[in-house]
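Report on the structure given below.
The values are calculated or read from the model by the stated rules, or taken from the named source; none is laboratory data. Every value quoted in this text rests on a predicted model; they were computed, and no experiment measured them. Cβ placement follows ideal geometry from the backbone for every residue including glycine, while neighbour counts extend to all protein chains displayed. Heavy atoms of the whole protein, side chains included, go into the accessibility calculation; ligands, DNA and RNA do not. Shrake-Rupley method; radii C 1.70, N 1.55, O 1.52, S 1.80 Å.
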Amino acid sequence: MGNAWQGLDNLQAARNCYARAIEFAPNYVEAYVNLGSLAAKQQHWPAAIRYFQKAIAINPKFAGAYRNLAR
């Protein structure tokens, strides 16, 4: 659902969906990566870095988190 909202450029609704997903599944790596990407899109760099690092901490083999962090 968050991806759908982000596609419609409703970034707040997307953020809420990603955060809600984490409430239900705290180790949901993709939700952290999506939050990081959303923060980066809004140029909130400290938050983006924090979300990508959290995703890496949960799953060190998740290449997408490293790729996005490097950007």
Q.
Filter segment 14-28 down to the residues that are more than 13 Å from residue 39 (Cα to Cα) and free of Cβ contacts under 8 Å to residues at least 24 places away in the same chain and list them by number.
A. 17, 20, 21, 22, 23, 24, 25, 26, 28
**Q.** Filtered residue count, segment 22-71, keeping only those that are assigned to a helix (DSSP H, G or I), open to solvent by 30 Å² or more (accessible area, probe 1.4 Å) and within 16 Å of residue 1 (Cβ to Cβ)
**A.** 5
Q | residue 41 in contact (Cβ under 8 Å) with a residue 24 or more places away in the chain and charged (D, E, K, R) | A | yes
